[in-house]
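These notes concern the structure reproduced below.
The values are calculated or read from the model by the stated rules, or taken from the named source; none is laboratory data. Please read these numbers as outputs of a predicted model, since none were measured by experiment.
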Amino acid sequence: MKGSQGQATAPAQLPVRSTSAPESGEVSFDEGNTWQAVSMSPGDGWYYNGHSGEVPNGEYKIQMRGRDRAGNVGDMVSVSLTVDNAPPAVSITERWWIWET
C-alpha cells in the first residue's frame, strides 16, 4: 500500500491460470455486492486510487477479480486495510532534561 495526503494506492498481481490473457478486472468495496471496472494490461498489475477521507474510519476489505478475453472470471483475491483519517498527535513537554527519562 502506498499513500499520501489521504490517498491510497493498492497494487496487486492476478495469477494467470490459463492461456487466455487477462483483459480487464473488477474491484469491490462492499463484499462483492457491486463491482467497478478496472483496466489491466497482460502481465501487469492493476492500480486503484481512492481517497481515504471519503470513507469513515474502520477496517475494509477490497476484493478483485479478473476477466480474460473469452469472458471467463478468475478467482477473487482480497486485501484488508485500515482507514484512520485522524491527524497525528504530538505532545511536547515544557522542558525535558536527559536525566529525566
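Data for the structure
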| read-out | value |
| --- | --- |
| Counted residues, region 80-93 - those being hydrophobic (A, V, I, L, M, F, W, C) and assigned to a loop (DSSP other than H, G, I, E, B) | 4 |
| Strands (runs of 3 or more DSSP E) within region 1-79 that include 1 or more residues of a type outside the set (S, T, N, Q), at pLDDT 70 or above and under 14 Å from the mean Cα position of the chain (by Cα) | 22-28, 36-39, 49-51, 58-68 |
